[in-house]
Amino acid sequence: MTFEPRISIITLGVSDMVRSRKFYEDLGWKAIKASNESVTFFKGRGIVLGLYGHDALAEDAGIVGGPPPEFRGVSLAYNSSSEVEVDASFKHALSCGAKSIKKPEKVFWGGYSGYFADPDGHLWELAYNPFAPLDKDGQMQMDCDEIGETT
């Protein structure tokens, strides 16, 4: 058996399921039938986004609960096809209740990006990367040749 390089579900620990579900639905995500009062699932392109109570998620993972740190060292990214689209998506997220962390701007690596936080502080990057255009299905096109093993 091998561990395949893929991610099936990203689960975010949330403090208020109703508030968080509304936030993501306002962003445009559609909850699927497997959702209930304890967990919400949203079907994306090739991935599922899950919302689960913060304390319940910590318990499920065998971790002593407590408030999440302000910066978790993780961000989720939404890539767009233009700087204009990044700006529009950022404005939309703020209108849904997101907190502005960093307004979109040109960045050192040649792209354009900004960050917002959802109601529980999970970071989302909105970015335009001219070096990884989106295909007709909105999927990033990157040079996916393996670099080989390093020693």
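All of the numbers you see were taken from the coordinates with simple rules; none came from a lab. Note that the structure is a prediction, hence the values are computed from the model and not measured. In this analysis, Cβ positions are derived from the backbone assuming ideal geometry, glycine residues included, and neighbour counts consider all displayed protein chains.
Loop by DSSP (not H, G, I, E, B), at most 11 other beta-carbon atoms within 10 Å: where is the longest site-free stretch of the chain for GluC sites (Glu not before Pro)? Show your work: numbers first, answer last.
Working: sites that count: E37, E70, E146, E149.
The longest such stretch corresponds to 71-145.
Quickly work out the I32-to-A58 label distance, labels modelled 7 Å from Cα along the C-beta direction, and quote it in nm with one decimal.
Placing both labels 7 Å beyond Cα along the Cβ direction yields 2.9 nm.
What does the range 7-64 give for Rg and for Dmax, in Å, if only its C-alpha atoms count?
Cα radius of gyration and Dmax of the range 7-64 are 11.2, 33 Å respectively.
Would you mind pulling out the separation of the Cα centroids of the range 125-142 and the range 30-97, in Å?
Going from one Cα centre to the other spans 20 Å.
For a quick check: sort M17, M142 by the number of other beta carbons within 10 angstrom, fewest at the front. Before the final figure, lay out each step's value.
On the way: M17 19, M142 10.
Least crowded to most crowded, the residues run M142, M17.
Kindly state, to the nearest 0.05, the FRET efficiency for I9 paired with S82, given R0 = 35 Å and r defined as their beta-carbon distance.
Values: r = 29 Å, r/R0 = 0.84.
Result of the calculation: an efficiency of 0.75.
Averaging over every viewing direction, what projected area does the convex hull of the Cα atoms of the chain cover, in nm²?
11.9 nm²
Quick check: residue separation of R72 and E105 times 0.36 nm, minus the Cα distance between them. What number comes out in nm? Mind dumping the intermediate values first?
Details: separation 33, 0.36 × 33 = 11.88 nm, distance 2.26 nm.
Length gained between R72 and E105: 9.6 nm.
What span do the alpha-carbon atoms of the range 64-130 cover on each of the three principal axes, reported in whole Å from largest to smallest?
Largest first, the range 64-130 extends 42, 26, 15 Å along its Cα principal axes.
For the range 36-103, which trypsin sites (Lys or Arg not before Pro) are in a loop by DSSP, counting at most 15 other Cβ atoms within 10 Å? Present the calculation step by step, with values, prior to reporting the outcome.
Working: sites: K43, R45, R72, K91, K99, K102; in loops: R45, R72.
When the trypsin sites (Lys or Arg not before Pro) of the range 36-103 are filtered for loop state and at most 15 Cβ neighbours within 10 Å, R45, R72 remain.
Can you compute 3J(HN,Hα) from phi for each residue in the range 13-18, using the Karplus curve 6.51 cos²θ - 1.76 cosθ + 1.60 with θ = phi - 60°, rounded to whole Hz and x for Gly and Pro?
Going residue by residue, I get x, 10, 8, 9, 4, 4 Hz, with x marking Gly and Pro.
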